[in-house]
Amino acid sequence: HIGLRHSSGLWCYPDAAHILQTDFDGLRSCGFSVGKANALLALSEQLESGALVLPDVVTPENADAVSASLTAIKGIGTWTVSYALLRGFNYLNGSLHGDVAVRRNLQRLLARDEKITADETQEWLADFAPWRALMAAHLWRLESAAGY
């Protein structure tokens, strides 16, 4: 287990220093894939060494730079960055256009027979800026409402 126990009894997310106290095999034993374990360790090493400094707040002005810094780490892609910015920074303009559920439910919403590509989804979501992640959340909800 790699979480931190809060005095209230809740389990909290670990910081970079705490993750680095867990080795690769420890992360694997927690269920992380090889790629995710390596990416998490690389990210933690960069944060802890100061090679990567994340802002306290992600804004439209710094979102591209933050995204570029994170996707430069092997194993961290655009979906991971968009989701992390949404969950970790409350940044609502992440696209999540590569998400399978988002694409599948957009296809349902638009009543299209053919699959929608990530590029088509990105183009469609552009109209919802600066709240693209909120639209993605609605598209995710369509999936759970449909029961698949």
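The values are calculated or read from the model by the stated rules, or taken from the named source; none is laboratory data. What you see is a predicted model, and the numbers here were worked out from it, not measured in a lab. Cβ placement follows ideal geometry from the backbone for every residue including glycine, while neighbour counts extend to all protein chains displayed.
Assuming R87 fulfils every condition listed in (1) without any contact (Cβ under 8 Å) to a residue 12 or more places away in the chain; (2) more than 14 Å from the chain's Cα centre (by Cα) apart from one, which condition is it?
(2) is the only condition that R87 fails.
Out of the residues in the stretch 9-28 meeting the condition of being aliphatic (A, V, I, L, M) and loosely packed, with under 11 Cβ neighbours inside 10 Å, tell me which one is farthest from W79 (Cα to Cα).
The selected residue is L10.
Condition first: out of contact with any Phe, Trp or Tyr (no Cβ under 8 Å at 6 or more places or on another chain), crowded, with 17+ Cβ neighbours inside 10 Å and closer than 17 Å to L139 by Cα. Now tell me which residues in the stretch 57-96 satisfy that.
W79, S82, L86, S95
Does W140 satisfy being free of Cβ contacts under 8 Å to residues at least 40 places away in the same chain, in contact with an Asp or Glu (Cβ under 8 Å, 6 or more places away or on another chain), closer than 28 Å to L40 by Cα and outside the structural domain of A39 (by TED's automatic domain parsing)?
It is false that W140 is free of Cβ contacts under 8 Å to residues at least 40 places away in the same chain, in contact with an Asp or Glu (Cβ under 8 Å, 6 or more places away or on another chain), closer than 28 Å to L40 by Cα and outside the structural domain of A39 (by TED's automatic domain parsing).
With G31, G35 as the choices, which residue is at pLDDT below 95 and either within 18 Å of A72 (Cβ to Cβ) or in a loop (DSSP other than H, G, I, E, B) (or both)?
Of the residues listed, the single one that is at pLDDT below 95 and either within 18 Å of A72 (Cβ to Cβ) or in a loop (DSSP other than H, G, I, E, B) (or both) is G31.
Every residue in the stretch 30-71 that is over 14 Å from the mean Cα position of the chain (by Cα), of a type in the set (G, A, S) and within 17 Å of L92 (Cα to Cα), please.
Correct list: A65 only.
Give, as residue ranges, the helices (runs of 4 or more DSSP H) completely inside the stretch 69-148 that count at least 1 residues that are under 20 Å from D56 (Cα atoms) and among the hydroxyl-bearing types (S, T, Y).
Numbers: elements: 78-89, 100-109, 118-125, 132-146.
Correct list: 78-89.
Here are the criteria: (1) modelled with pLDDT under 95; (2) under 30 Å from Q21 (Cβ atoms); (3) in contact with a helix residue (DSSP H, G or I) (Cβ under 8 Å, 6 or more places away or on another chain). Tell me which single one A136 does not satisfy.
Single failed check for A136: (2).
For every residue, the table says whether it meets (1) out of contact with any Asp or Glu (no Cβ under 7 Å at 6 or more places or on another chain); (2) among the small types (G, A, S); (3) more than 29 Å from L134 (Cα to Cα).
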residue: A37; (1), (2), (3): yes, yes, no
residue: A42; (1), (2), (3): yes, yes, yes
residue: L54; (1), (2), (3): yes, no, no
residue: A65; (1), (2), (3): yes, yes, no
residue: A68; (1), (2), (3): yes, yes, no
residue: T71; (1), (2), (3): yes, no, no
residue: W79; (1), (2), (3): no, no, no
residue: L92; (1), (2), (3): yes, no, no
